[in-house]
Amino acid sequence: TTFEDFKFFGKYKMSKRVLIITYYWPPTAGSGVQRWLKMSKYLPQYGWQPVIYTPENPEAGMTDESLLRDIAPEVEVIKRPILEPYAVFNALTGNKGKNSGKASAGSGAVNPINAVGHKSPLMRLSLWLRANVFVPDPRFLWIRPSVRFLKQYLREHPVDAIVSTGPPHSMHLIARALHRSTGIPWTADFRDPWTRIFYFKHLPLTRRSRKRYAAMELSVLREADHVVAVTDNMVRDFLEELEADKKRGASGRQTAGDSSVTEQKDKFYVIENGYDEADFTGITAAELPAGFNLVHTGLFSAEGNPRRLWKVLAELCRDLPGFCRDLHLTFAGKTDPEILAAVREAGLGDRLTDRGYIPHHEANRLQKAADLLLLPLREEPEAAGILTGKYFEYLAAGRPIAAFGPHGSVLERSLTATRTGRIFDWEEEVPLKEYLTALYTRTLTFSPDPGAISAYTRRSLAGRYAEVLL
């Protein structure tokens with residue numbers, strides 16, 4: 001036994017309880033589930049027993065029963081009914097509801113950018129309600145009953161810390177009310193931005209609603225004991241919002257316990273998403289056709305359509321002997337019809353296999369089998385600060401990555417540090433063609449950095465989170 005062992009046990013031997021308020025939880029599938037499913041799996045190793053508070057009947061666009069295997073035995077799960085306005089909207093519009101295998105308007109996967117251009121009056125009304133009545137999101141009706149229930153629960157079953165994770169950001173408002181009434185330390189965890197998320201600027205907001213959103217976000221940033229975000233760009237943006245609010249004279253409205261923006265910097269942390277080593281240990285790569293396999297897993301949005309990629313692939317099919325015969329495109333997850341149409345319009349339809357949603361562990365096997373993993377961001381300025389959840393699983397798969405998005409982005413910096421791939425601007429063709437040719441002809445040496453990649457294991461990230469909660 002070493003001194004470090006004594007230090008470890010001295011810090012973590014007393015088990016503490018942390019209440020985690022999350023909308024997404026298995027068997028709901030998708031990227032929103034993974035962060036706290038995995039965090040709760042490893043937090044017990046650092047002396048924290050997770051208590052999950054989640055809806056009993058969420059509007060789940062996709063489900064994956066296999067995710068239930070990842071719930072650690074130490075985890076307590078509390079489920080309570082939720083009433084969501086989008087359940088009514090889905091019935092009126094004929095959208096398929098939860099568990100359909102396809103994301104619905106209520107699943108959070110609806111794209112307000114596309115929806116804004118929709119000609120249906122009902123859809124326009126829905127978006128106006130979403131923006132100005134369902135504030136801060138369509139889960140707002142769950143706030144009051146959750147606060148009422150959890151106050152009673154916490155009197156009988158005390159916890160040492162509270163974590164709220166958003167989106168949906170109504171989870172933060174539940175935690176804020178509990179924090180105000182109990183004084184229990186509270187960490188606000190942001191998997192995505194709030195008012196700076198890519199679609200926010202496209203919502204049909206009234207001036208009053210815009211102020212309400214900003215006030216809610218600022219109150220969460222000020223009142224939470226800790227604020228955790230998944231990228232340093234998000235933390236920078238939050239601090240800028242606090243600074244701008246202070247300059248507008250809003251600091252005069254702060255409560256007596258609030259600190260200056262400079263003093264509050266210390267409570268902001270970056271804890272990225274990551275990958276679970278256990279998901280990749282002992283699994284075999286999926287069987288794919290012999291040749292050159294390009295794979296995309298997860299949500300493939302129309303706002304991330306890499307049109308230049310389809311054009312370059314079509315040109316290589318024409319110009320590079322054997323390439324078209326060897327080329328195979330495999331998509332697994334929810335793929336926007338616009339993506340499929342673009343592939344076919346490029347003459348690559350016979351090279352494409354769209355598998356739809358598959359269980360998470362099958363997606364991991366597919367990632368390991370790829371000759372190249374595709375990672376398009378959205379064509380929005382906000383993409384410069386985003387690291388998507390699938391990126392970290394791509395790292396764990398150990399295969400080359402072709403990303404599409406802005407140069408100078410967080411993603412490009414990480415790709416460079418881990419030596420796992422290249423990022424291409426949406427209009428780049430020549431460098432992309434050279435990269436694909438080099439991979440296909442095996443003239444490019446792929447040598448990822450294991451040390452840089454291992455920093456993103458879920459176990460390691462849970463350890464960093466435990467340090468924040470202490």
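The values are calculated or read from the model by the stated rules, or taken from the named source; none is laboratory data. Computed from a predicted model, the values in this text were never measured in an experiment. Methodologically, a virtual Cβ is constructed for each residue, glycine included, from the backbone with ideal geometry; neighbour enumeration extends over all protein chains shown. Quick note on the areas: whole protein, heavy atoms, side chains included, nothing else; ligands and nucleic acids left out. Shrake-Rupley method; radii C 1.70, N 1.55, O 1.52, S 1.80 Å.
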- Note on the structure: Checked against (1) at pLDDT below 95; (2) surrounded by 21 or more Cβ atoms within 10 Å (Cβ to Cβ), residue 131 satisfies every condition except (2)
- Scanning segment 303-344 for residues that are in contact (Cβ under 8 Å) with a residue 24 or more places away in the chain and of a type in the set (Asp, Glu), the one nearest to residue 198 (Cα to Cα) turns out to be 303
- Note on the structure: Note on segment 198-220: residues open to solvent by less than 20 Å² (accessible area, probe 1.4 Å) and either in contact (Cβ under 8 Å) with a residue 40 or more places away in the chain or not hydrophobic (A, V, I, L, M, F, W, C) (or both) are 203, 209, 213, 217, 219, 220
- Quick one: what pairs do we get from segment 408-437, first residue more than 14 Å from residue 374 (Cβ to Cβ), second assigned to a helix (DSSP H, G or I) and open to solvent by 50 Å² or more (accessible area, probe 1.4 Å), C-beta under 8 Å, 6+ apart or different chains? 410/232; 427/308; 428/308; 429/308; 429/311
- Item | Test: residue 320 is touching a helix residue (DSSP H, G or I) at 6+ places or on another chain (Cβ under 9 Å), surrounded by fewer than 16 Cβ atoms within 10 Å (Cβ to Cβ), at pLDDT 95 or above and of a type outside the set (Ser, Thr, Tyr) | no
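When residues of segment 164-188 are filtered for being assigned to a strand (DSSP E or B) and either among the acidic types (Asp, Glu) or touching a Leu at 6+ places or on another chain (Cβ under 7 Å) (or both), how many remain? Give the steps one after another, and end with the answer.
At the first step, the residues of segment 164-188 found to be assigned to a strand (DSSP E or B) are 164-166, 186-188.
Checking the rest, the ones that are also either among the acidic types (Asp, Glu) or touching a Leu at 6+ places or on another chain (Cβ under 7 Å) (or both) come to 187.
Selection size over segment 164-188: 1.
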- Query: Any idea how many residues of segment 323-346 are crowded, with 17+ Cβ neighbours inside 10 Å and closer than 22 Å to residue 425 by Cβ?
  - Reply: 6
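For every residue, the table says whether it meets (1) among the β-branched types (Val, Ile, Thr); (2) more than 20 Å from residue 329 (Cα to Cα).
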| site | (1), (2) |
| --- | --- |
| 382 | no, yes |
| 391 | no, no |
| 396 | no, yes |
| 406 | no, yes |
| 409 | no, yes |
| 437 | yes, no |
| 457 | yes, yes |
- Query: Hey, residue 287 hits all of (1) in a loop (DSSP other than H, G, I, E, B); (2) within 24 Å of residue 384 (Cβ to Cβ) but one; which does it fall short on?
  - Reply: (2)
- Is at least one residue of segment 398-407 touching a Leu at 6+ places or on another chain (Cβ under 9 Å), part of a helix (DSSP H, G or I) and under 19 Å from residue 451 (Cα atoms)? no
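So for segment 189-199 (the condition being in contact with a Lys or Arg (Cβ under 7 Å, 6 or more places away or on another chain), of a type outside the set (A, V, I, L, M) and in a helix (DSSP H, G or I)), does at least one residue qualify?
Let us first name the residues in segment 189-199 that are in contact with a Lys or Arg (Cβ under 7 Å, 6 or more places away or on another chain), namely 191, 198.
Filter once more, so that each one left must be of a type outside the set (A, V, I, L, M): 191, 198.
The next check asks that each one be in a helix (DSSP H, G or I); those that pass are none.
No, that holds for no residue.
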- Task: Can you tell me which residue within segment 357-394, out of those that are farther than 27 Å from residue 289 by Cβ and acidic (Asp, Glu), is least open to solvent (accessible area, probe 1.4 Å)?
- Result: 380
- Of all residues in segment 284-301 being in contact with a Gly (Cβ under 7 Å, 6 or more places away or on another chain) and not small (Gly, Ala, Ser), which is nearest to residue 437 (Cα to Cα)? 297
- Query: Looking only at segment 383-399, which residues are under 17 Å from residue 416 (Cβ atoms), at pLDDT 95 or above and either aliphatic (A, V, I, L, M) or within 13 Å of the chain's Cα centre (by Cα) (or both)?
  - Reply: 391, 392, 395
- Counted residues in segment 430-451 being assigned to a loop (DSSP other than H, G, I, E, B) and open to solvent by 50 Å² or more (accessible area, probe 1.4 Å) come to 7
- Can you give me the number of residues within segment 251-281 that are part of a loop (DSSP other than H, G, I, E, B) and modelled with pLDDT under 50? 4
- Residues of segment 278-289 that turn out to be surrounded by fewer than 14 Cβ atoms within 10 Å (Cβ to Cβ) and either without any contact (Cβ under 8 Å) to a residue 24 or more places away in the chain or under 20 Å from the mean Cα position of the chain (by Cα) (or both), as a count: 2
- Message: Scan segment 46-63 and tell me whether some residue there is assigned to a helix (DSSP H, G or I), open to solvent by 50 Å² or more (accessible area, probe 1.4 Å) and either out of contact with any strand residue (DSSP E or B) (no Cβ under 8 Å at 6 or more places or on another chain) or without any contact (Cβ under 8 Å) to a residue 60 or more places away in the chain (or both).
- Response: no
